[in-house]
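S.K.: First the structure, which I've put down as structure tokens, then a few questions once you've had a look.
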Amino acid sequence: MDEMYNKGLLIVLSGPSGVGKGTVCKELMKKYDYKVSISATTRSPREGEVDGVNYYFLDKDTFKSKIENNEFLEYAEVYGNYYGTLKSQVEEELSRGNNIILEIDIQGSMQVQSVFENAVYIFLLPPSINELKSRILKRGSETESSFNLRFSSVSEELKCMVNYDYAVINDDVEGAVEKINGIIRTEMSRISRMNLEKFIGGYIF
């Protein structure tokens, strides 16, 4: 990162289950120089997921121990499983000047907002409710009961959008990636995020 900035930028990306947060994050990492925080979870790995790459897969006892030791920036129980973001990983990346994206649920985002006021909060939306249903079903990892549980909370999740800075519709992955990158670049240009002493010093001869 340019020395003009004090440290890295924290970007929080949330949205309903099945909206495509993971896919968008992967493309942001691939195309731009962003880091994505790896969450810890107690849920079982899906096909193709790798421990330490997609998630840190922990048993419930280990996860609860980390909660007691205050090791999480945020955590939540979602559909019977725990998810959380380790403080150490986020703090290390920010101190190195890296922009880091947290792909977390809405409960987790509310916790982060109480700690990181200057983070950028982005809500990812599906193009329609029917499209969201289709995306969840295409995963092939949901039983009828788990699908109904996930989908019953969508309307409540959408109401939480008012607590975010930006909303991006994911009707096209590439388009959503470009919009999010544009938001991040705009936020980095805010005067409040700059190290003005170094910036102004560069103009003094």
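What follows draws every value from the coordinates through simple rules; no lab data is involved. All figures in this text were calculated on a predicted structure; none of them were measured in a lab. Don't worry about glycine lacking a Cβ; one is built from the backbone with ideal geometry, like all the others, and counts go over all protein chains shown.
S.K.: Of Leu125, Val115, Leu10, whose Cα points farthest to the positive end of the dipole of the stretch 1-125 (charges on the beta-carbon: +1 Lys, Arg; -1 Asp, Glu; origin at the Cα centre)?
M.R.: Leu125
S.K.: Still on this structure, I have one more. Around Gly108, what is the net charge, scoring Lys/Arg as +1 and Asp/Glu as -1 over all other residues with Cβ under 11 Å from its Cβ?
M.R.: -4
S.K.: Identify all aspartates and glutamates with a Cα-Cα distance to Lys7 below 12 Å; exclude those on the same chain that are fewer than 8 residues away in sequence.
M.R.: Reachable aspartates and glutamates: Glu91, Glu92, Glu93.
S.K.: Please give the charge dipole size of the stretch 1-82, origin at the Cα centre, charges +1 on K and R Cβ atoms and -1 on D and E Cβ atoms. Round to the nearest 20 debye.
M.R.: Details: 11 positive and 13 negative charges, 48 e Å.
My answer is approximately 220 debye.
S.K.: At what distance in nm do the modelled label points of Lys26 and Glu174 sit from each other, each positioned 7 Å from its Cα along Cα→Cβ?
M.R.: Taking the simple label geometry, Lys26 and Glu174 are separated by 1.7 nm.
S.K.: Please report how far the C-alpha centroid of the stretch 82-132 lies from that of the stretch 47-69, rounded to the nearest whole angstrom.
M.R.: Cα centres, the stretch 82-132 to the stretch 47-69: 17 Å.
S.K.: So which lysines pass the test for Lys159, namely a Cα distance under 27 Å, with those fewer than 8 places away in the same chain ruled out?
M.R.: Lys21, Lys26, Lys133, Lys138, Lys179
S.K.: Where does each of 43-49, 70-76, 8-14 land if you order them by average Cβ count within 10 Å, highest first? Can you show the working numbers first?
M.R.: Numbers: 43-49: 10.6, 70-76: 19.0, 8-14: 23.4.
Highest to lowest by the protection proxy: 8-14, 70-76, 43-49.
S.K.: Cross-link candidates for Lys66: which lysines have Cα within less than 20 Å, leaving aside residues fewer than 8 places away along the same chain?
M.R.: Lys87
S.K.: What ranking do Thr41, Thr85 get, fewest neighbouring Cβ atoms within 10 angstrom at the top? Could the numbers behind the result be given before it?
M.R.: On the way: Thr41 20, Thr85 25.
Result, fewest neighbours first: Thr41, Thr85.
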